[in-house]
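A short worksheet on the structure shown next.
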Amino acid sequence: MKTKLYTLFLVLTISITGMAQEQKMTASEIAAFKQDVNVVSKKIKTLSTDFIQYKHLDFLSKDIETSGKMIFKEPALLQWQYKKPYNYSIVFKNGKILINDEGKKSAVDIGNSKIFGRINKLIVGSVSGNMFDDKEFAISYFKSKGQNLAKFIPKDAALKKYIKQIELTFDKESTVVQVKLLESSDDYTRIVFKNKVINAKIDDSLFSN
Amino acid sequence: MQKSTTLFFLINCFLAIVLISCGSVTKNYTPKKLDKTSYEVSYFSEPKTDYVYKTNITVYGHEMSGIFIAKKINDTTHRVVFTTEFGNKLFDFEISEKSFKVNSIVSELDKKILINTLKEDFRLLLKKDYLLQEQFENETENIYKSEDGDRDNYLFISKKEKKLEKVVRSSKTKEKITITFTLENDIFAKKVVILHQNIKLKIELNYLKSE
């Protein structure tokens, strides 16, 4: 009996917390939110931010933590640079991916890889926040602790094999503060952005490896 | 007569080559009386430890990098996952001495020959218990031979530190896979290199220190 009560209490607590955490937006809230994000992301010409990446695999006792810096410049220059615990940098530029792995350099042409092209678009979209494409994704919108949350389920079968769902968390200024890529219900990659600087001067030459 | 002598000579040469190749793993070592009958490798055996390594794979001149993750999930089985630096899972296996399950693999890597190669590599890498049949030595190392079906595994153990530094998996005639360990301490390898002799494949694991 005691156990049953306890279970009931636990279930109630979880569902109450669950409700408090995420609340579906109304149609008008969605419209206003999308409008805000569009306005902000249109203003973004350059962006630089620190990030911490947490790789969560359900069977591990601890998330795998890596961190570094990301810079972005309109329309599609992107550098993702891991600094800890190893040096690894990846640049998306003119249909190419340039990799520098602890000094070892390589390049991949993504012009002929549809899936890489999509992933590239997706990364740029998730950083700037502007990826509300109903043709590509089934999107749902939530409010949670003063932040907004958009969940994207890919419609493309090839993409869906890699990513089950993408969740973007926006702060009050309508910029992305967290990206969560879900591979399955148990395993995901969570990237938290910190010290974001918008529209500082970033030279094109930085996007080389 | 001339002909048969030549033939005899050729057969002898052939036999000599086979015999030399046979003993290739231990050819510079002296046989010795076996001083133990079993050996336990503890580099991947602690159930509480997440074994996470930054990994470089070189296959026929192509390079690929990512994160190798292994974890003992029960008495017999390890979960082995390989992801990109971004965190995308490339493959996810469950592997024990007798069983093997593919939880997921991206279509680009979903080739039977590749999966079988990785299965053999990881089984050897994660193997904990060896039964020993023969022993050899030189000045610095003891080598133990452990039969494993139609293959033999050779364990190279330093005399000074008494640590396993190398495992060679060999057929009756040829070395196939060599795994070398660089140790952090008695039970943990900070660097592991898996090198294939018959195909151009090298897997290098460097322990990912969390800060």
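The values are calculated or read from the model by the stated rules, or taken from the named source; none is laboratory data. Here the structure is a predicted model, which is why all the values come from computation and not from measurement. With ideal geometry, Cβ positions are generated from the backbone for all residues, glycine too; neighbour counts draw on all protein chains shown.
The figures follow:
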read-out	value
Residues within segment B:172-204 that are among the aliphatic types (A, V, I, L, M) and more than 13 Å from B:THR117 (Cα to Cα), tallied	6
Any hit, segment A:28-42, residues being in a strand (DSSP E or B) and either modelled with pLDDT of 90 or more or on the phi < 0 side of the Ramachandran plot (or both)	no
B:ILE113 touching a residue at least 24 places away in the same chain (Cβ under 8 Å) and under 18 Å from the mean Cα position of the chain (by Cα)	no
The one condition in (1) basic (Lys, Arg); (2) at pLDDT below 95; (3) surrounded by 16 or more Cβ atoms within 10 Å (Cβ to Cβ); (4) closer than 19 Å to B:LYS202 by Cα that B:LYS89 fails to fulfil	(4)
In segment A:163-177, the residues that are surrounded by fewer than 18 Cβ atoms within 10 Å (Cβ to Cβ) and within 14 Å of chain B (Cβ to nearest Cβ)	A:LYS164
Total residues in segment B:40-51, condition buried (at least 17 other Cβ atoms within 10 Å of the Cβ), within 18 Å of the chain's Cα centre (by Cα) and not aliphatic (A, V, I, L, M)	3
Test: residue in segment B:31-44 that is at pLDDT 95 or above, in a strand (DSSP E or B) and closer than 30 Å to A:GLN81 by Cβ	no
Residues of segment A:119-155 satisfying the condition of being of a type in the set (Gly, Ala, Ser) and in contact (Cβ under 8 Å) with a residue 12 or more places away in the chain	A:SER126, A:SER128, A:GLY129, A:ALA138, A:SER140, A:SER144, A:GLY146, A:ALA150
Criterion: more than 14 Å from every other protein chain (Cβ to nearest Cβ), outside any strand (DSSP E or B), surrounded by fewer than 19 Cβ atoms within 10 Å (Cβ to Cβ) and touching a residue at least 12 places away in the same chain (Cβ under 8 Å) - qualifying residue of A:ALA200, A:ALA158	A:ALA200
Counted residues, segment B:50-66 - those being modelled with pLDDT of 95 or more and either part of a loop (DSSP other than H, G, I, E, B) or among the hydrophobic types (A, V, I, L, M, F, W, C) (or both)	2
Residue among A:GLU74, A:GLU102, A:GLU29 that is surrounded by fewer than 19 Cβ atoms within 10 Å (Cβ to Cβ), under 13 Å from A:VAL124 (Cβ atoms) and either free of Cβ contacts under 8 Å to residues at least 24 places away in the same chain or away from chain B (no Cβ under 14 Å) (or both)	A:GLU74
Of residues in segment B:186-211 being more than 29 Å from A:GLY68 (Cβ to Cβ) and of a type outside the set (Asp, Glu), the one surrounded by the fewest Cβ atoms within 10 Å (Cβ to Cβ)	B:ASN198
Where B:ASP121 falls short, out of the listed (1) touching a His at 6+ places or on another chain (Cβ under 9 Å); (2) of a type outside the set (Lys, Arg); (3) more than 19 Å from B:ALA189 (Cβ to Cβ)	(3)
Matching residues, segment A:41-64, being facing another protein chain (nearest Cβ under 9 Å) and either aliphatic (A, V, I, L, M) or over 15 Å from the mean Cα position of the chain (by Cα) (or both)	A:LEU57, A:PHE59, A:LEU60, A:SER61, A:LYS62, A:ILE64
Of all residues making up segment A:179-197, the number that are buried (at least 19 other Cβ atoms within 10 Å of the Cβ) and either among the polar types (S, T, N, Q) or at positive phi (or both)	1
